[in-house]
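A.B. asks: Below is one structure. I have some questions about it.
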Amino acid sequence: APKTKAQFGSVGRRIPHRILHVINQDGESLGQMHRAEALQLMDQRNLKLVLLHENAEPPVYRLMTGQQIHEEQLRRAEKKKASPKPGGLSFSSTIAKNDFETKTKQIAQWIEKKYHVKVTIRQAK
């Protein structure tokens, strides 16, 4: 079954991995530890565990406050919203002036952000 990208957020106590690499809320590495140790640390510091890199060996988790998780979710949503859609933009040769201006403004914003932009112009029938 294909894996879907998990939503960024607290994993709670559902940790499938036995050995974890844990990073504290300040970004400092606490090293590798057993799942039980990480959960105990999470409870002692009243923090939440967040999965950062599942494919690493061992997987990397970070202890975060609820505020830190919220800020990271907002940052990721903003980054996703700002990125261009795969495949570029497609124009028809009969595009309305207003639509043309809107799309060219969007292209200019992407170019300013140093994104690659692909534009296709289709001939109307």
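The values are calculated or read from the model by the stated rules, or taken from the named source; none is laboratory data. Remember, it's a predicted structure, so these values are computed and weren't measured experimentally. In this analysis, Cβ positions are derived from the backbone assuming ideal geometry, glycine residues included, and neighbour counts consider all displayed protein chains. Ligands, DNA and RNA are stripped out before the accessible areas are found, and what is left, the full protein with its side chains, is counted by its heavy atoms. Shrake-Rupley method; radii C 1.70, N 1.55, O 1.52, S 1.80 Å.
A.B. asks: What list of ³J(HN,Hα) values in whole Hz, one per residue of segment 94-109 in order, does the Karplus curve 6.51 cos²θ - 1.76 cosθ + 1.60 (θ = phi - 60°) give from phi, with Gly and Pro shown as x?
C.D. replies: 9, 4, 5, 4, 5, 5, 4, 5, 4, 5, 5, 5, 5, 4, 4, 5
A.B. asks: From the phi of every residue in segment 45-57, what ³J(HN,Hα) in whole Hz does the Karplus formula 6.51 cos²θ - 1.76 cosθ + 1.60 yield, where θ is phi - 60° and glycine or proline is x?
C.D. replies: 8, 6, 10, 10, 8, 10, 6, 9, 9, 6, 7, 6, 10
A.B. asks: Starting from the Cα of Leu39, step 7 Å along the direction of its Cβ; do the same at Ala77; then give the gap between the two resulting points in nm.
C.D. replies: Between Leu39 and Ala77, the simple spin-label model gives 3.0 nm.
A.B. asks: Does segment 19-81 come out rounded, prolate or oblate by the C-alpha gyration tensor, with a ≥ b ≥ c the root eigenvalues, rounded set by a/c under 1.5 and, if not, prolate when a/b is larger than b/c and oblate if not? Numbers along the way, then the final one.
C.D. replies: On the way: a/c = 2.58, a/b = 1.48, b/c = 1.75.
Because a/c hits 1.5 or more and a/b fails to exceed b/c, segment 19-81 counts as oblate.
A.B. asks: Summing Lys, Arg as +1 and Asp, Glu as -1, what charge do residues with Cβ under 13 Å from the Cβ of Ala108 carry, Ala108 excluded? Write down the numbers at each step before the final one.
C.D. replies: Working: positive: Lys103, Lys105, Lys113, Lys114; negative: Glu101, Glu112.
Overall, the nearby charge balance is +2.
A.B. asks: Around Arg13, under 12 Å between beta carbons, what's the net of Lys plus Arg minus Asp minus Glu among the other residues?
C.D. replies: Working: positive: Arg14, Arg35, Lys48; negative: Asp43.
Around Arg13, the charge tally is +2.
A.B. asks: For helix 66-82, report the angle its Cα long axis makes with the longest principal axis of the Cα atoms of the chain; keep it between 0 and 90° and round to the nearest 10°.
C.D. replies: 20 degrees
A.B. asks: Something else now. Of His70, His17, which has the most accessible area with a 1.4 Å probe, and how do the rest follow in descending order? Walk me through the intermediate numbers first.
C.D. replies: Working: His70 90, His17 45 Å².
Per-residue accessible area, sorted high to low, gives His70, His17.
A.B. asks: With charges only on Cβ, +1 for K and R and -1 for D and E, what is the dipole size of the chain about its Cα centre, in debye, rounded to 20?
C.D. replies: Numbers: 23 positive and 12 negative charges, 158 e Å.
Using only the charged Cβ atoms, the result is roughly 760 debye.
A.B. asks: Using P(r) over Cα pairs in 10 Å bins from 0, in percent as the read-out, say which of (i) 10, 11, 10, 9, 8, 8, 7, 7, 6, 5, 5, 4, 3, 3, 2, 1, 1, 0; (ii) 12, 42, 38, 8, 0; (iii) 11, 30, 20, 16, 14, 8, 1 was calculated from these coordinates.
C.D. replies: Label of the calculated value: (iii).
A.B. asks: With every protein chain kept in the model, how would you rank Val22, Val117 by accessible area, 1.4 Å probe, largest at the top?
C.D. replies: Val117, Val22
A.B. asks: Show that you can apply the helix-only estimate: for the chain, add -39,500 (n - 2.57) for every DSSP H stretch of four or more residues, divide by all residues, and state [θ] at 222 nm to the nearest 500. Before the final figure, lay out the partial values.
C.D. replies: Numbers: 3 runs with 44 residues, N = 125.
My calculation for the chain gives -11500 deg cm²/dmol from helical runs alone.
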